[in-house]
Amino acid sequence: MSAAMAVGGTDGAMFTALLGCQRGTWAHSPLFQWMTNNYEAMSQAITGKKVRWQKMSEAAESAGLTNVNGEPPKPATVRSTWYRVRKAVGAMQRQKEEARNTALAARAAARAASQAQKQDDAEGRETLNRRMAEADADLREKQLQDARDRSRSVLYPETVPQVRTEAAPPEEREAAPALKIGRVAEFVVMRKQAPRYGRDRDIPLPPPYVGPRPAGMPKDLPLEALMPLEASGRTPEGKLDFEQMPGLPRRSFFDRDREWALACLPMIEVIPPRERSKPLKAMFCLLKMKIGR
């Protein structure tokens, strides 16, 4: 076969036909293009089983619509062209519909996932707040019970130690505190988490603080306001994060900077200056500036 092609060279009808099969050289006929552009009108007009293809062939010839070879279309050509147009337009419409359905399904799935995540976060925050409130209530009850146990008030006669009949030594009488009739337990209204708005609501709260109540901590401040002791005290970039120092009140619990500063200062002041770390010293100066000292 290669010898026969060598004899014929690159001339002849076969090579002329092959040139028309090269990629990119194919083009639809003017008749095909016209039917595609007027697909809706033709679909509405051609509704019956009997179509006058001869009449449509004559109309196409008078309008200058030819086949792919530039010749007036025959009735069979008009019919087959219309068949190919319907097939091509239908495939294109199906592709568009599938793409639209895929996009709608993806958006619906993303929306459902986002709502589920928000619901999980809300439930997690609610559970954490409930546990913290229960822990605060238990702590307050324990502190109140300890105060009752230590009190010599007549309000709790069952906790008053037995009175010795013999007289106490003079030095013990001088050291014994004076009794105050009617002393009641101190009542403290604990602060609550400040409202969070906008993007702050989506930021998860830090893990709860676990440990004893630090010295100098305001009485009305719950343990929920403290950062956990294992917190790094640094931002993701490695800088000091005074608003989230381990064991100190976090800034996000308060509504204003001044309230936050007034809660942190007593806890730092109880630490001797020589024992304060460099970050604590810097934070102490910053807090004093915020309250105008």
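Listing for the model above:
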| read-out | value |
| --- | --- |
| Residue under evaluation Ala215, criteria (1) more than 29 Å from Lys118 (Cβ to Cβ); (2) assigned to a helix (DSSP H, G or I), criterion not met | (2) |
| Which numbered condition Thr159 misses (of (1) at pLDDT below 85; (2) open to solvent by 100 Å² or more (accessible area, probe 1.4 Å); (3) closer than 30 Å to Pro222 by Cα; (4) not small (Gly, Ala, Ser)) | (2) |
| Subset of region 224-237 (residues that are of a type outside the set (Lys, Arg) and either in a loop (DSSP other than H, G, I, E, B) or open to solvent by 30 Å² or more (accessible area, probe 1.4 Å) (or both)) | Met227, Pro228, Leu229, Glu230, Ala231, Ser232, Gly233, Thr235, Pro236, Glu237 |
| Close pairs from region 238-266: first in a loop (DSSP other than H, G, I, E, B), partner at pLDDT below 95 and among the β-branched types (Val, Ile, Thr), Cβ under 6 Å, at least 6 apart | Asp241/Thr235 |
| From Pro249, Pro236, Pro279, residue being within 24 Å of Pro208 (Cβ to Cβ) and at pLDDT 95 or above | Pro249 |
| Subset of region 178-202 (residues that are in a loop (DSSP other than H, G, I, E, B), open to solvent by 100 Å² or more (accessible area, probe 1.4 Å) and either in contact (Cβ under 8 Å) with a residue 40 or more places away in the chain or under 25 Å from Ala133 (Cβ atoms) (or both)) | Val184, Glu186, Phe187, Val189, Lys192, Tyr197 |
| Count of residues meeting criterion [modelled with pLDDT of 80 or more, open to solvent by less than 80 Å² (accessible area, probe 1.4 Å) and part of a loop (DSSP other than H, G, I, E, B)] in region 18-45 | 2 |
| Failed criterion for Leu265 (all others in (1) out of contact with any Ser or Thr (no Cβ under 7 Å at 6 or more places or on another chain); (2) within 25 Å of Asn129 (Cβ to Cβ) hold) | (2) |
| Criterion violated by Gln119 - all others in (1) modelled with pLDDT under 85; (2) more than 30 Å from Arg199 (Cβ to Cβ) satisfied | (2) |
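Residues are listed down the side, and each one gets a yes or a no for (1) within 13 Å of Phe32 (Cα to Cα); (2) open to solvent by less than 60 Å² (accessible area, probe 1.4 Å); (3) in a helix (DSSP H, G or I); (4) touching a Lys or Arg at 6+ places or on another chain (Cβ under 6 Å):
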site	(1), (2), (3), (4)
Asn67	yes, yes, no, no
Gly70	yes, yes, no, no
Arg79	yes, no, yes, no
Lys87	yes, no, yes, no
Gln95	no, no, yes, no
Leu104	no, no, yes, no
Ala108	no, yes, yes, no
Arg111	no, no, yes, no
Gln117	no, no, yes, no
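The values are calculated or read from the model by the stated rules, or taken from the named source; none is laboratory data. Keep in mind it's a predicted model, so treat the numbers as computed, not measured. Virtual Cβ from ideal backbone geometry, glycine too; neighbours counted across all protein chains shown. Surface accessibility is based on the protein's heavy atoms, side chains included, excluding ligands, DNA and RNA. Shrake-Rupley method; radii C 1.70, N 1.55, O 1.52, S 1.80 Å.
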